[in-house]
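Peer 1: So that we are looking at the same thing, I have put the structure below in C-alpha coordinates.
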Amino acid sequence: GTRQDYVAMLERADQGVGEILASLDVLGLAANTLVIFTSDNGGEWLAHNLPLFHRKWTLWEGGIRVPAIFRWPGRLPAGRVSPQVGVTMDLTASILAATNTPGPEDPGLDGIDLLPILGGASPVVERTLFWRMFYVNRRQRAVRSGDWKLVLDGEAAMVFNLRSDLGERNDLAKERQDVARRLRLLMATWEQDVDEEARAVTTP
(Lines give C-alpha, C1' and ligand atoms only; values in the text may rest on other atoms or scores of the structure.)
Protein backbone atom coordinates (compact mmCIF):
# COMPACT_ATOMS: atom_id res chain seq x y z
CA GLY A 1 0.00 0.00 0.00
CA THR A 2 2.96 2.38 0.30
CA ARG A 3 6.10 3.09 -1.68
CA GLN A 4 8.11 1.78 1.28
CA ASP A 5 6.31 -1.58 0.93
CA TYR A 6 6.97 -1.54 -2.82
CA VAL A 7 10.69 -0.87 -2.33
CA ALA A 8 10.93 -3.67 0.25
CA MET A 9 9.30 -6.11 -2.17
CA LEU A 10 11.70 -5.18 -4.96
CA GLU A 11 14.71 -5.45 -2.67
CA ARG A 12 13.62 -8.92 -1.54
CA ALA A 13 13.05 -10.02 -5.12
CA ASP A 14 16.52 -8.75 -6.00
CA GLN A 15 18.02 -10.73 -3.12
CA GLY A 16 16.15 -13.85 -4.27
CA VAL A 17 17.46 -13.54 -7.82
CA GLY A 18 20.97 -13.12 -6.41
CA GLU A 19 20.58 -16.32 -4.37
CA ILE A 20 19.45 -18.24 -7.45
CA LEU A 21 22.38 -16.99 -9.56
CA ALA A 22 24.83 -17.76 -6.75
CA SER A 23 23.45 -21.30 -6.48
CA LEU A 24 23.94 -21.85 -10.21
CA ASP A 25 27.55 -20.74 -9.83
CA VAL A 26 28.18 -23.00 -6.82
CA LEU A 27 26.65 -26.00 -8.57
CA GLY A 28 28.62 -25.34 -11.76
CA LEU A 29 25.44 -24.92 -13.80
CA ALA A 30 25.74 -21.26 -14.81
CA ALA A 31 27.33 -21.91 -18.21
CA ASN A 32 24.53 -24.32 -19.14
CA THR A 33 21.63 -22.23 -17.82
CA LEU A 34 19.83 -19.40 -19.60
CA VAL A 35 18.33 -17.04 -17.03
CA ILE A 36 15.77 -14.47 -18.20
CA PHE A 37 14.58 -11.69 -15.88
CA THR A 38 11.69 -9.55 -17.09
CA SER A 39 8.20 -8.33 -16.23
CA ASP A 40 4.76 -8.69 -17.78
CA ASN A 41 3.96 -4.96 -17.63
CA GLY A 42 5.22 -1.56 -16.58
CA GLY A 43 5.25 -0.21 -13.04
CA GLU A 44 2.17 0.25 -10.90
CA TRP A 45 1.12 3.57 -9.35
CA LEU A 46 3.84 3.30 -6.73
CA ALA A 47 6.60 3.04 -9.33
CA HIS A 48 8.53 5.91 -10.89
CA ASN A 49 8.46 5.21 -14.63
CA LEU A 50 10.26 8.31 -15.87
CA PRO A 51 11.24 9.01 -18.59
CA LEU A 52 8.40 6.75 -19.74
CA PHE A 53 4.81 7.99 -19.67
CA HIS A 54 2.00 6.36 -17.67
CA ARG A 55 1.93 2.92 -16.03
CA LYS A 56 0.42 -0.58 -15.93
CA TRP A 57 -3.02 -1.05 -17.52
CA THR A 58 -2.12 1.29 -20.40
CA LEU A 59 -0.43 0.87 -23.78
CA TRP A 60 1.82 3.88 -23.31
CA GLU A 61 5.50 2.99 -22.97
CA GLY A 62 5.23 3.21 -19.19
CA GLY A 63 2.73 0.36 -19.33
CA ILE A 64 4.36 -1.98 -21.85
CA ARG A 65 8.11 -1.25 -21.92
CA VAL A 66 9.86 -3.39 -19.32
CA PRO A 67 13.38 -4.54 -18.40
CA ALA A 68 14.61 -7.74 -20.03
CA ILE A 69 17.90 -9.22 -18.83
CA PHE A 70 19.36 -12.38 -20.35
CA ARG A 71 22.21 -14.21 -18.58
CA TRP A 72 24.01 -17.12 -20.23
CA PRO A 73 27.74 -17.10 -19.47
CA GLY A 74 29.87 -18.13 -22.42
CA ARG A 75 26.95 -17.74 -24.84
CA LEU A 76 25.87 -14.13 -24.35
CA PRO A 77 28.30 -11.25 -23.71
CA ALA A 78 28.03 -9.74 -20.25
CA GLY A 79 27.10 -6.07 -19.88
CA ARG A 80 25.92 -5.62 -23.48
CA VAL A 81 22.79 -3.57 -24.17
CA SER A 82 20.86 -4.41 -27.33
CA PRO A 83 18.55 -1.99 -29.16
CA GLN A 84 16.49 -4.94 -30.39
CA VAL A 85 12.74 -4.56 -29.79
CA GLY A 86 11.24 -7.68 -28.26
CA VAL A 87 7.97 -9.00 -26.88
CA THR A 88 7.08 -11.72 -24.40
CA MET A 89 6.28 -14.18 -27.19
CA ASP A 90 9.96 -14.04 -28.19
CA LEU A 91 10.85 -15.83 -24.96
CA THR A 92 9.09 -18.98 -26.14
CA ALA A 93 10.95 -18.98 -29.45
CA SER A 94 14.27 -18.20 -27.76
CA ILE A 95 13.92 -20.96 -25.14
CA LEU A 96 12.91 -23.53 -27.76
CA ALA A 97 15.96 -22.59 -29.82
CA ALA A 98 18.27 -22.68 -26.80
CA THR A 99 17.10 -26.21 -25.93
CA ASN A 100 17.07 -27.40 -29.56
CA THR A 101 13.36 -28.10 -29.24
CA PRO A 102 11.31 -27.86 -32.46
CA GLY A 103 8.49 -25.36 -32.39
CA PRO A 104 4.92 -26.02 -33.52
CA GLU A 105 4.22 -25.94 -37.22
CA ASP A 106 0.52 -25.01 -37.19
CA PRO A 107 0.06 -22.46 -35.85
CA GLY A 108 3.61 -21.21 -35.89
CA LEU A 109 5.26 -19.10 -33.22
CA ASP A 110 4.41 -15.42 -32.94
CA GLY A 111 7.84 -14.56 -31.55
CA ILE A 112 11.41 -14.74 -32.84
CA ASP A 113 14.61 -16.22 -31.43
CA LEU A 114 16.42 -13.28 -29.84
CA LEU A 115 19.58 -15.14 -28.84
CA PRO A 116 21.56 -14.74 -32.11
CA ILE A 117 20.81 -11.01 -32.03
CA LEU A 118 21.69 -10.61 -28.36
CA GLY A 119 24.87 -12.60 -28.92
CA GLY A 120 25.94 -10.44 -31.83
CA ALA A 121 25.72 -13.21 -34.46
CA SER A 122 22.73 -11.63 -36.23
CA PRO A 123 21.85 -7.99 -36.89
CA VAL A 124 19.04 -6.11 -35.17
CA VAL A 125 15.76 -6.49 -37.06
CA GLU A 126 13.04 -3.88 -37.46
CA ARG A 127 9.65 -5.12 -36.33
CA THR A 128 5.97 -4.24 -36.35
CA LEU A 129 4.18 -5.11 -33.10
CA PHE A 130 0.58 -4.73 -31.95
CA TRP A 131 -1.27 -4.39 -28.66
CA ARG A 132 -4.87 -3.86 -27.62
CA MET A 133 -6.49 -3.64 -24.24
CA PHE A 134 -10.02 -3.36 -22.89
CA TYR A 135 -10.00 -2.52 -19.17
CA VAL A 136 -13.08 -1.34 -17.31
CA ASN A 137 -14.25 1.60 -19.47
CA ARG A 138 -10.90 2.09 -21.21
CA ARG A 139 -10.17 0.87 -24.71
CA GLN A 140 -6.65 1.26 -26.07
CA ARG A 141 -4.85 -0.05 -29.12
CA ALA A 142 -1.29 0.53 -30.25
CA VAL A 143 1.02 -0.43 -33.07
CA ARG A 144 4.75 0.11 -33.30
CA SER A 145 6.58 -0.08 -36.63
CA GLY A 146 10.27 0.70 -36.41
CA ASP A 147 10.59 3.94 -34.42
CA TRP A 148 7.00 5.00 -35.06
CA LYS A 149 4.13 4.27 -32.71
CA LEU A 150 0.41 4.92 -33.08
CA VAL A 151 -1.65 5.04 -29.88
CA LEU A 152 -5.43 4.82 -30.19
CA ASP A 153 -6.82 5.85 -26.81
CA GLY A 154 -10.60 5.80 -27.07
CA GLU A 155 -11.37 8.20 -29.93
CA ALA A 156 -7.97 9.92 -29.76
CA ALA A 157 -5.23 8.94 -32.24
CA MET A 158 -1.65 9.99 -31.50
CA VAL A 159 1.63 9.38 -33.33
CA PHE A 160 5.03 9.35 -31.67
CA ASN A 161 8.60 8.81 -32.78
CA LEU A 162 10.08 6.74 -29.97
CA ARG A 163 13.66 7.31 -31.04
CA SER A 164 13.40 11.06 -30.41
CA ASP A 165 10.47 11.08 -27.97
CA LEU A 166 10.61 8.09 -25.63
CA GLY A 167 8.30 9.84 -23.17
CA GLU A 168 5.54 10.17 -25.81
CA ARG A 169 4.97 13.85 -25.16
CA ASN A 170 5.11 15.20 -28.73
CA ASP A 171 2.09 14.04 -30.73
CA LEU A 172 2.97 14.15 -34.45
CA ALA A 173 -0.39 12.95 -35.78
CA LYS A 174 -1.09 16.20 -37.64
CA GLU A 175 2.43 16.59 -39.05
CA ARG A 176 2.80 12.92 -40.03
CA GLN A 177 -0.63 11.95 -41.30
CA ASP A 178 1.11 9.58 -43.70
CA VAL A 179 2.48 7.60 -40.76
CA ALA A 180 -0.88 7.70 -38.98
CA ARG A 181 -2.69 6.31 -42.04
CA ARG A 182 -0.10 3.57 -42.59
CA LEU A 183 -0.17 2.43 -38.97
CA ARG A 184 -3.98 2.58 -38.79
CA LEU A 185 -4.15 0.27 -41.80
CA LEU A 186 -1.69 -2.14 -40.20
CA MET A 187 -3.73 -2.13 -37.00
CA ALA A 188 -7.00 -2.76 -38.82
CA THR A 189 -5.52 -5.67 -40.77
CA TRP A 190 -4.02 -7.20 -37.63
CA GLU A 191 -7.26 -6.89 -35.66
CA GLN A 192 -9.21 -8.50 -38.48
CA ASP A 193 -6.80 -11.43 -38.58
CA VAL A 194 -6.83 -11.88 -34.80
CA ASP A 195 -10.62 -11.70 -34.57
CA GLU A 196 -11.11 -14.16 -37.44
CA GLU A 197 -8.70 -16.60 -35.83
CA ALA A 198 -10.48 -16.24 -32.49
CA ARG A 199 -13.85 -16.93 -34.10
CA ALA A 200 -12.44 -19.98 -35.83
CA VAL A 201 -11.11 -21.35 -32.54
CA THR A 202 -14.32 -20.72 -30.56
CA THR A 203 -16.80 -21.83 -33.24
CA PRO A 204 -18.18 -25.30 -32.33
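Peer 1: Got a sec? Charge dipole of region 1-133, +1 on Cβ for Lys and Arg, -1 for Asp and Glu; which of Pro77, Pro107, Leu34 is way out at the positive end?
Peer 2: Pro77
Peer 1: Please compute the length gained on full extension between Ser23 and Val81, using 0.36 nm multiplied by the number of residues separating them and subtracting their Cα-Cα distance.
Peer 2: This chain segment gains 18.4 nm when fully extended.
Peer 1: Given Cβ point charges of +1 (Lys, Arg) and -1 (Asp, Glu) and nothing else, what value in debye, to the nearest 20, does the dipole of region 1-144 about its Cα centre take?
Peer 2: The dipole of region 1-144 has a size of about 580 debye.
Peer 1: Here's something else I'd like to know. Report the calculated FRET efficiency for Arg139 and Glu105 (r = Cβ-Cβ distance, R0 = 41 Å), to the nearest 0.05.
Peer 2: 0.75
Peer 1: Continuing with the same structure: Could you give the angle, 0 to 90 degrees to the nearest 10, between helix 177-202's Cα long axis and the longest principal axis of the Cα atoms of the chain?
Peer 2: 70
Peer 1: Leaving ligands, DNA and RNA out of it, report the carbon-plus-sulfur percent of the accessible area of region 108-204 at a 1.4 Å probe.
Peer 2: Carbon-and-sulfur percentage of accessible area, whole number: 50.
Peer 1: Run lengths n ≥ 4 of DSSP H only: what is the helix-derived mean residue ellipticity at 222 nm for the chain, with -39500 (n - 2.57) per run over all residues, to the nearest 500?
Peer 2: Taken over the chain, the calculation gives -10500 deg cm²/dmol.
Peer 1: Still on this model: In whole percent, what relative contact order does region 90-204 give with Cα contacts below 8 Å and a gap of six or more residues?
Peer 2: For region 90-204, the relative contact order is 14 percent.
Peer 1: A further question follows. Looking at region 89-166, which trypsin sites (Lys or Arg not before Pro) are in a loop (DSSP not H, G, I, E or B) and have at most 15 other Cβ atoms within 10 Å?
Peer 2: Arg127, Arg163
Peer 1: In degrees between 0 and 90, to the nearest 10, how far off the longest principal axis of the chain does helix 89-98 point, with axes built from Cα atoms?
Peer 2: 30
Peer 1: Taking the 0 to 90 degree range and rounding to the nearest ten, how far is the long axis of helix 3-26 tilted relative to the main principal axis of the chain, both from C-alpha atoms?
Peer 2: 50
Peer 1: Looking at (i) 17.3, 52; (ii) 19.3, 58; (iii) 18.6, 56, which value of Rg and Dmax of the Cα atoms in Å comes from a calculation on the structure shown?
Peer 2: Computing Rg and Dmax of the Cα atoms in Å and matching it to (i) 17.3, 52; (ii) 19.3, 58; (iii) 18.6, 56 gives (ii).
Peer 1: Using 1/(1 + (r/R0)^6) with R0 = 35 angstrom and r between the beta carbons of Arg71 and Val194, what's the FRET efficiency to the nearest 0.05?
Peer 2: 0.60
Peer 1: Please state the relative contact order of the chain as a whole percent: Cα pairs under 8 Å, 6+ residues apart?
Peer 2: 13
Peer 1: Compute the accessible area per residue over the chain, keeping the other protein chains in place, probe 1.4 Å, unit Å².
Peer 2: Per-residue value: 65 Å².
Peer 1: Over region 1-58, with every protein chain in place, what whole percent of the accessible area is carbon and sulfur at 1.4 Å, could you tell me?
Peer 2: With neighbouring chains kept in place, the figure for region 1-58 is 60 percent.
Peer 1: Could you give the size of the charge dipole of region 78-169 about its Cα centre, using +1 on the Cβ of each K and R and -1 on the Cβ of each D and E, expressed in debye and rounded to the nearest 20?
Peer 2: 360
Peer 1: Keeping all protein chains in place and using 1.4 angstrom, which order do Asp178, Asp14, Asp153 fall into by accessible surface area, from largest down?
Peer 2: Heavy-atom accessible area, descending, gives Asp14, Asp178, Asp153.
Peer 1: I'd like to know which of Ile20, Asn170, Leu50 lies farthest towards the positive end of the charge dipole of the chain, counting +1 on Cβ of Lys and Arg and -1 on Cβ of Asp and Glu.
Peer 2: So the residue we want is Asn170.
The values are calculated or read from the model by the stated rules, or taken from the named source; none is laboratory data. From a predicted model like this one, the values you see are computed outputs, not experimental measurements. As a convention, Cβ positions derive from the backbone with ideal geometry for all residues, glycine included, and neighbour counts pool all protein chains shown. These area figures cover heavy atoms from the full protein model, side chains too; ligands, DNA and RNA do not enter into them. Shrake-Rupley method; radii C 1.70, N 1.55, O 1.52, S 1.80 Å.
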